[in-house]
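*Asks:* Please find one structure pasted underneath; my questions will follow.
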Amino acid sequence: MTRKQRRMTIIGGSLGVLALAAALVLNALRDSIVFFSTPTMVAEKHVQPGKRFRLGGLVQPGSLQRGDNLAVTFEVADGGAKLPVAYKGILPDLFREGQGVVAEGALDGNGVFKADTVLAKHDETYMPKDVADALKKQGHWKDDYGAKDSNKNSDGMKPAATTAQGNSQGAVR
Amino acid sequence: MIAEAGHYALVLALALALIQSFVPVIGARLRDPALMNVARSTALAQLLFVGASFIALVTLHVNSDFSVANVYENSHSMKPLIYKITGVWGNHEGSMLLWVSILALFGGLVAAFGNNLPLSLRAHVLAVQAWIASAFYLFILITSNPFLRIVNPPIEGRDLNPVLQDIGLAVHPPMLYLGYVGFSISFSFAIAALIEGRIDAAWARWVRPWTLVAWIFLTLGIAMGSYWAYYELGWGGWWFWDPVENASLMPWLAGTALLHSALVMEKRNALKVWTILLSILTFSLSLLGTFLVRSGVITSVHAFANDPTRGVFILLILCLFIGGSLSLFAGRATSLKQGGLFAPISREGALVLNNLLLTVACAVVLFGTLYPLAMEVLADFKMSVGAPFYNLSFVPLFVLLLLAVPFGPMLAWKRGDLLGVTQRLLAAGVAGLVVIALVWAWTRGGSALAPLAIGLGVFVIAGAVTDMVERTGLFRLPFTTTLHRARGLPRSAWGTAFAHAGLGVAMIGIVCETTWNSEYIATMKPNDVAQVAGYDLKLDGLLERQGPNYREMIAQFNVSRGGEPLSVMTPSKRNFTTRGSSTTEAALLTRGASQLYISLGDVTPEGAIAVRIYHKPLVLLIWWGPVLMAFGGVLSLSDRRLRVGAPKPARARQRLQPAE
């Protein structure tokens, strides 16, 4: 083998691996991306039942109902629309009525959002960034959401974040 | 007083770093040894002053001096001493101070123990270190000064985020930073080599131990962080593909590639340009990680402070260093001579494949981390890229890599014999196949992927063992000869075997945990019994207790198996009054490498409590694997050949001549 041939072998191999990686990434992008929506966006876009997405908004005060065997239902609102959510399992430590929440799952045939993961992730303003941005954009942002935040610079290294998993495979599907 | 002293020390450190940035470079131009030696003394003095500054901040936290904003916001007088200390880096300002302290520490180590480096190379390396340091000192002093006072000092602090009040935080960030920042040394060496336009095998020999040190710490840091998330966040997940985690995984992948390519360069004087590029990329990814974590651009489990001026400042640092170093590389790389011919099938070829797969896997992670950000900025919609994406893209690449791992160390340099190596690996392959068959039969045809993946893990481990058996002549030669040979083998050979076996171990743990993890979620009243994976867990009762700065509710479980009592587990829920937030403290019971895991939910009005119980088979292998890898790294580091340039000056100097 000449030096040139060797170099071509290596370049060819590299291109092969890169092509493989690109193919894998494109394939993975096709069906494993999860979009973020608010109840208003869900109402406007007529999301298909069974299509997975992340729902973000505020837990409607007074809507939380606990059923048997850890089943819970609550409503997620963003000022414009409301969406009922059903979940089975333990809600995260930081889940509260009137506070921000992000749930992952899909709509069922009756228009109820079946969540398999509920994230209550927030900084000390009790507001997930996704939710805050969406509310701000829709003009429903109230300054008092941030009232608890007396000092902007004081976030912890890893602010409290908890996750509840509806099933053990929720994270690794 | 202490705060002002700490602040002043930091300003002095900046001044020293600025001197260190320019004087040695001018000295190298003028070939003036005195000017070049300025680098050494300024680097050591800089370490002294940053160290003093860091100690000042620790002292302020320990003394609960709430007139300092940083202490007020992150501490509380009732907090246990250990968390007062670890709370220093549990916030933005303090962790940046830790970052530059470690940077200065590495610079100081090069200055103190780099006596065997050519004078101009050392001057350049330390100057580049000082460029990085100056940028970050400015960043801290302008945007994130931890020593700011409050005009009207409050009586009590706001306490540290409860999730961070854990021993994991004492260890995880310093380890991670030792890894992240440690790669700055190989970066500085690469830039110095480009400036000097000269690079040889000796250069790789100096760079490798520093890369290895950084890599060991990063490996342990990532594993530590993963275990911390596993027991602290309360639902038993150990990896989230969260941008902040990816930010530490990317330098690890690139750093692993760098370790291997530096090996080719050291042994065969080939892949020079590529090694330089990897050194630059690895540290660039560390800087990118710092940016992602510190600027708050990402929505993540670890969401951060959201002050845009900081983000922009770090972005500028990022562009300056990545852009500058890549331009320098583009301009100078062609002047570095290529050397060392090798056939595609050879040890070098295998290491090139390793580098290819690692860097491409790294690129995939980079894409998955930045794509959602880019889409949010460009197309204005939000989405998340999670585990499903990485399972379909990152995992196949890593499987390919694992398949190739056992072949690499057995191929000869220059020209290898793939068929011969395959024959020698036959036993390992058979071991893998037997395990696949056994696991398959035992699970009675469940998912086909799990047995295959476990077989692959076994193949990797068996491959590492085979290599050692061959080299020592075990079973072939008399036992005493084997023993003698084992002692005579280079430590780096043992290191390779341990590190590679660690990969297989971690792989088996990951597959077992994700496939056969069993879960039980229910509300339980006292005296209820939960049955999980053959264990009986009886809830004895609930009790309340007062901790130093929290109240906790403890649930006591009696664990038994087949009627035979095993242990008592006490998961708890802590309520931190100062911040009004609560944490879940999971209880873990280790049985071999498997664990039972209990975390608590809410108490219902009827006095029952929601519990989540997991049985996680072989879960500990996930972290034993990285520990094995790090142990392999330490073995490699103790290899006599690497002590040249490693922090062992007395012996290193003697060995320099025969080694050259």
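The values are calculated or read from the model by the stated rules, or taken from the named source; none is laboratory data. Please read these numbers as outputs of a predicted model, since none were measured by experiment. Here the Cβ positions follow ideal geometry from the backbone for every residue, glycine too, while neighbour counts run over all protein chains shown.
*Asks:* What do you reckon, is residue B:123 in a helix (DSSP H, G or I), in contact with a His (Cβ under 9 Å, 6 or more places away or on another chain) and either under 26 Å from residue B:1 (Cβ atoms) or among the aliphatic types (A, V, I, L, M) (or both)?
*Replies:* On the way: in a helix (DSSP H, G or I): yes; in contact with a His (Cβ under 9 Å, 6 or more places away or on another chain): no; either under 26 Å from residue B:1 (Cβ atoms) or among the aliphatic types (A, V, I, L, M) (or both): yes.
No.
*Asks:* Right, another one. Can you pull out the residues in the range B:568-600 that are part of a strand (DSSP E or B), in contact with a Phe, Trp or Tyr (Cβ under 9 Å, 6 or more places away or on another chain) and farther than 23 Å from residue B:78 by Cα?
*Replies:* The answer is B:568, B:569, B:587, B:588, B:589, B:591, B:595, B:596, B:597, B:598, B:599.
*Asks:* So residue B:231 passes all but one of these: (1) buried (at least 24 other Cβ atoms within 10 Å of the Cβ); (2) touching a strand residue (DSSP E or B) at 6+ places or on another chain (Cβ under 8 Å). Which condition number does it fail?
*Replies:* Exception for residue B:231: condition (1).
*Asks:* Give me the residue from the range B:401-445 that is assigned to a loop (DSSP other than H, G, I, E, B) and free of Cβ contacts under 8 Å to residues at least 40 places away in the same chain and, out of that set, surrounded by the fewest Cβ atoms within 10 Å (Cβ to Cβ).
*Replies:* Residues of the range B:401-445 assigned to a loop (DSSP other than H, G, I, E, B): B:405-407, B:411-417, B:425, B:444-445.
With the extra rule that they be free of Cβ contacts under 8 Å to residues at least 40 places away in the same chain, the set shrinks to B:444-445.
Numbers: B:444: 6, B:445: 8.
Checking each candidate, the answer is B:444.
*Asks:* Is it the case that residue B:54 is assigned to a helix (DSSP H, G or I), farther than 30 Å from residue B:159 by Cβ and hydrophobic (A, V, I, L, M, F, W, C)? Working first, answer last.
*Replies:* On the way: assigned to a helix (DSSP H, G or I): yes; farther than 30 Å from residue B:159 by Cβ: no; hydrophobic (A, V, I, L, M, F, W, C): yes.
For residue B:54, the condition - assigned to a helix (DSSP H, G or I), farther than 30 Å from residue B:159 by Cβ and hydrophobic (A, V, I, L, M, F, W, C) - is not met.
*Asks:* Output yes when any residue across the range B:280-287 is more than 30 Å from residue B:383 (Cα to Cα), part of a helix (DSSP H, G or I), touching a residue at least 24 places away in the same chain (Cβ under 8 Å) and polar (S, T, N, Q), and no when none is. Write out each step before concluding.
*Replies:* Start the filter on the range B:280-287 by keeping residues that are more than 30 Å from residue B:383 (Cα to Cα), which leaves B:280.
Narrowing further to those that are part of a helix (DSSP H, G or I): B:280.
Filter again for touching a residue at least 24 places away in the same chain (Cβ under 8 Å), leaving B:280.
Of the ones still in play, those that are also polar (S, T, N, Q) are none.
Taking every residue of the range B:280-287 in turn, none turns out to be more than 30 Å from residue B:383 (Cα to Cα), part of a helix (DSSP H, G or I), touching a residue at least 24 places away in the same chain (Cβ under 8 Å) and polar (S, T, N, Q).
*Asks:* Of all the helices (runs of 4 or more DSSP H) wholly in the range B:447-524, which have at least 3 residues that are within 14 Å of chain A (Cβ to nearest Cβ) and hydrophobic (A, V, I, L, M, F, W, C)? Break it down into steps so the answer makes sense when it comes.
*Replies:* Details: elements: B:449-472, B:479-488, B:491-516.
In the range B:447-524, B:449-472, B:491-516 are the helices (runs of 4 or more DSSP H) which contain 3 or more residues that are within 14 Å of chain A (Cβ to nearest Cβ) and hydrophobic (A, V, I, L, M, F, W, C).
*Asks:* Mind checking which residues of the range B:539-552 are surrounded by fewer than 17 Cβ atoms within 10 Å (Cβ to Cβ) and assigned to a strand (DSSP E or B)? Can you show your working first?
*Replies:* Here is the first cut: in the range B:539-552, the ones surrounded by fewer than 17 Cβ atoms within 10 Å (Cβ to Cβ) are B:540-541, B:543-548, B:551.
Within the range B:539-552, B:540, B:541, B:543, B:544, B:545, B:546, B:551 meet the criteria.
*Asks:* Let me ask another. So is residue B:104 aliphatic (A, V, I, L, M), over 19 Å from residue B:161 (Cα atoms) and buried (at least 24 other Cβ atoms within 10 Å of the Cβ) or not? Before you say what the answer is, go through the steps one by one.
*Replies:* Values: aliphatic (A, V, I, L, M): yes; over 19 Å from residue B:161 (Cα atoms): yes; buried (at least 24 other Cβ atoms within 10 Å of the Cβ): yes.
Yes.
*Asks:* Within the range A:44-57, take every residue that is touching a Phe, Trp or Tyr at 6+ places or on another chain (Cβ under 9 Å) and closer than 17 Å to residue A:101 by Cα and give me the one that is surrounded by the fewest Cβ atoms within 10 Å (Cβ to Cβ).
*Replies:* Residue satisfying both the conditions and the ranking: A:52.
*Asks:* Still on this model: Can you tell me which of B:353, B:259, B:263 is touching a helix residue (DSSP H, G or I) at 6+ places or on another chain (Cβ under 9 Å), at pLDDT 85 or above and either over 24 Å from residue B:209 (Cβ atoms) or not assigned by TED's automatic domain parsing to the domain that holds residue B:393 (or both)? I'd like the intermediate steps shown before the answer.
*Replies:* Numbers: B:259 fails: either over 24 Å from residue B:209 (Cβ atoms) or not assigned by TED's automatic domain parsing to the domain that holds residue B:393 (or both); B:263 fails: either over 24 Å from residue B:209 (Cβ atoms) or not assigned by TED's automatic domain parsing to the domain that holds residue B:393 (or both).
On inspection, the qualifying residue turns out to be B:353.
*Asks:* Name every residue in the range A:14-23 that is surrounded by 15 or more Cβ atoms within 10 Å (Cβ to Cβ) and at the interface with chain B (Cβ under 7 Å from one of its Cβ atoms), in order of residue number.
*Replies:* A:14, A:17, A:21
*Asks:* Restricting the search to the range B:314-363, which residues are of a type in the set (Val, Ile, Thr) and within 14 Å of another protein chain (Cβ to nearest Cβ)?
*Replies:* We begin by selecting, within the range B:314-363, every residue of a type in the set (Val, Ile, Thr); these are B:314, B:317, B:322, B:334, B:345, B:352, B:359-360.
Within the range B:314-363, B:345, B:352, B:359, B:360 meet the criteria.
*Asks:* Name every residue in the range B:207-260 that is farther than 18 Å from residue B:499 by Cα and small (Gly, Ala, Ser), in order of residue number.
*Replies:* B:225, B:226, B:229, B:234, B:236, B:237, B:247, B:248
*Asks:* It is to be established whether one or more residues within the range B:26-34 are assigned to a helix (DSSP H, G or I), among the basic types (Lys, Arg) and away from every other protein chain (no Cβ under 14 Å).
*Replies:* Let us first name the residues in the range B:26-34 that are assigned to a helix (DSSP H, G or I), namely B:26-30, B:33-34.
In the following step, the residues that additionally are among the basic types (Lys, Arg) were identified as B:29.
From the residues that got through so far, the ones that are away from every other protein chain (no Cβ under 14 Å) too are B:29.
Within the range B:26-34, one or more residues are assigned to a helix (DSSP H, G or I), among the basic types (Lys, Arg) and away from every other protein chain (no Cβ under 14 Å).
*Asks:* Another question, if that's okay. Among the residues of the range B:1-51, how many are touching a strand residue (DSSP E or B) at 6+ places or on another chain (Cβ under 9 Å) and of a type in the set (D, E, K, R)?
*Replies:* Of the residues in that region, 1 qualify.
*Asks:* Same structure, new question: Just to verify a result, which residue in the range A:24-42, among those that are more than 7 Å from every other protein chain (Cβ to nearest Cβ) and surrounded by fewer than 16 Cβ atoms within 10 Å (Cβ to Cβ), is nearest to residue A:116 (Cα to Cα)?
*Replies:* Result: A:31.
*Asks:* Within the set of pairs 6 or more residues apart or between chains, which connect a residue that is under 20 Å from residue B:141 (Cα atoms) inside the range B:55-82 to a residue that is surrounded by 17 or more Cβ atoms within 10 Å (Cβ to Cβ) and acidic (Asp, Glu) with Cβ atoms less than 8 Å apart?
*Replies:* Listed by first residue and then by second, the contacts come to B:70/B:93; B:71/B:65; B:74/B:159.
Here is a yes/no grid of residues against (1) surrounded by 20 or more Cβ atoms within 10 Å (Cβ to Cβ); (2) assigned by TED's automatic domain parsing to the domain that holds residue B:239; (3) closer than 26 Å to residue B:75 by Cα:
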{"site": "B:130", "(1), (2), (3)": "yes, no, no"}
{"site": "B:136", "(1), (2), (3)": "yes, no, yes"}
{"site": "B:143", "(1), (2), (3)": "no, no, yes"}
{"site": "B:146", "(1), (2), (3)": "yes, no, yes"}
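*Asks:* A further question follows. If only one of B:182, B:168 is within 29 Å of residue B:257 (Cβ to Cβ) and more than 14 Å from chain A (Cβ to nearest Cβ), which one is it?
*Replies:* On the way: B:168 fails: more than 14 Å from chain A (Cβ to nearest Cβ).
Testing whether each residue is within 29 Å of residue B:257 (Cβ to Cβ) and more than 14 Å from chain A (Cβ to nearest Cβ) leaves just B:182.
*Asks:* Something else: Filter the range B:364-399 down to residues that are at pLDDT 90 or above and at the interface with another protein chain (Cβ under 7 Å from one of its Cβ atoms), then give me how many there are.
*Replies:* 7
*Asks:* Separate question: Looking at the range B:371-387 only, could you name the residues that are within 21 Å of residue B:248 (Cβ to Cβ) and crowded, with 18+ Cβ neighbours inside 10 Å?
*Replies:* Within the range B:371-387, B:372, B:384, B:385, B:386, B:387 meet the criteria.
*Asks:* Just for the range B:261-277: of the residues that are surrounded by fewer than 23 Cβ atoms within 10 Å (Cβ to Cβ) and part of a helix (DSSP H, G or I), which one is farthest from the other protein chains (Cβ to nearest Cβ)?
*Replies:* B:266
*Asks:* Kindly provide the set of residues from the range B:556-599 that are aliphatic (A, V, I, L, M), surrounded by 18 or more Cβ atoms within 10 Å (Cβ to Cβ) and more than 18 Å from residue B:519 (Cα to Cα), ordered by number.
*Replies:* none
*Asks:* Suppose the filter is in contact with a helix residue (DSSP H, G or I) (Cβ under 6 Å, 6 or more places away or on another chain) and under 28 Å from residue B:368 (Cα atoms); does residue A:57 pass it? Before the answer, list the steps.
*Replies:* Details: in contact with a helix residue (DSSP H, G or I) (Cβ under 6 Å, 6 or more places away or on another chain): yes; under 28 Å from residue B:368 (Cα atoms): yes.
The answer is yes for residue A:57.
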